[in-house]
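Here's the structure, in structure tokens; my notes come after.
The values are calculated or read from the model by the stated rules, or taken from the named source; none is laboratory data. The model shown is predicted, which means the values in this text are computed figures rather than measured ones. Reconstructed Cβ throughout: ideal geometry from the backbone, glycine too, with neighbour counts over all protein chains shown. Ligands, DNA and RNA are stripped out before the accessible areas are found, and what is left, the full protein with its side chains, is counted by its heavy atoms. Shrake-Rupley method; radii C 1.70, N 1.55, O 1.52, S 1.80 Å.
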Amino acid sequence: QVRLVEFGGGLVQAGGSLRLSCGASGRPFSRSYMGWFRQAPGKEREFVTSINWSDFSTDYADSVKGRFTISRDNAKNWVYLQMNSLKPEDTAVYYCAAGSQWVVGLNTVNEVSDWGQGTQVTVSS
């Protein structure tokens, strides 16, 4: 099974940037997709972005398109989320996610097999 640990969250002013990292262990490449979801208090966990581990294709939620970038490390089993032009509505706990082995995409929580513990991102006005 894949174990995921996120770090890099924090407090940032609107318009600022933050970079999240996710370390994976337990044969992460058995999964076809890795991604990021987020959850604000009282709200459902929502899709942010995902990346195909083989062809590097990506998908983004409309709310973050053009501002966030997902990438992977060629030397380590890590995935990253570069967040630019942050807005207060980006405030949430961000979760690294591994897609189920047999899914053909990762853009809903139903396609997630493993979750990280989450890291808090707070964007002030």
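For L20, the stated conditions hold: it is surrounded by 14 or more Cβ atoms within 10 Å (Cβ to Cβ), in contact (Cβ under 8 Å) with a residue 12 or more places away in the chain and not β-branched (V, I, T). Of the residues making up the stretch 81-91, those that are aliphatic (A, V, I, L, M) and in a strand (DSSP E or B) are L81, M83. Residues that are open to solvent by 40 Å² or more (accessible area, probe 1.4 Å), at pLDDT below 95, among the hydroxyl-bearing types (S, T, Y) and touching a strand residue (DSSP E or B) at 6+ places or on another chain (Cβ under 8 Å) within the stretch 23-67 comprise S25, S32, S57, listed in sequence order. Screening G105 against (1) of a type outside the set (A, V, I, L, M); (2) open to solvent by less than 40 Å² (accessible area, probe 1.4 Å); (3) farther than 20 Å from P41 by Cα; (4) not in a loop (DSSP other than H, G, I, E, B) leaves a single unmet condition, (4). Restricting attention to the stretch 73-102, the residues that are open to solvent by less than 30 Å² (accessible area, probe 1.4 Å) and either touching a residue at least 60 places away in the same chain (Cβ under 8 Å) or among the acidic types (D, E) (or both) total 10.
Only strands (runs of 3 or more DSSP E) whose full extent lies in the stretch 1-80 are considered here, and the ones with at least 1 residues that are more than 18 Å from V112 (Cβ to Cβ), of a type in the set (G, A, S) and out of contact with any His (no Cβ under 7 Å at 6 or more places or on another chain) are 10-13, 18-25, 68-72.
Against the criterion of being open to solvent by less than 40 Å² (accessible area, probe 1.4 Å), β-branched (V, I, T), out of contact with any Phe, Trp or Tyr (no Cβ under 6 Å at 6 or more places or on another chain) and within 29 Å of S125 (Cβ to Cβ), I70 qualifies.
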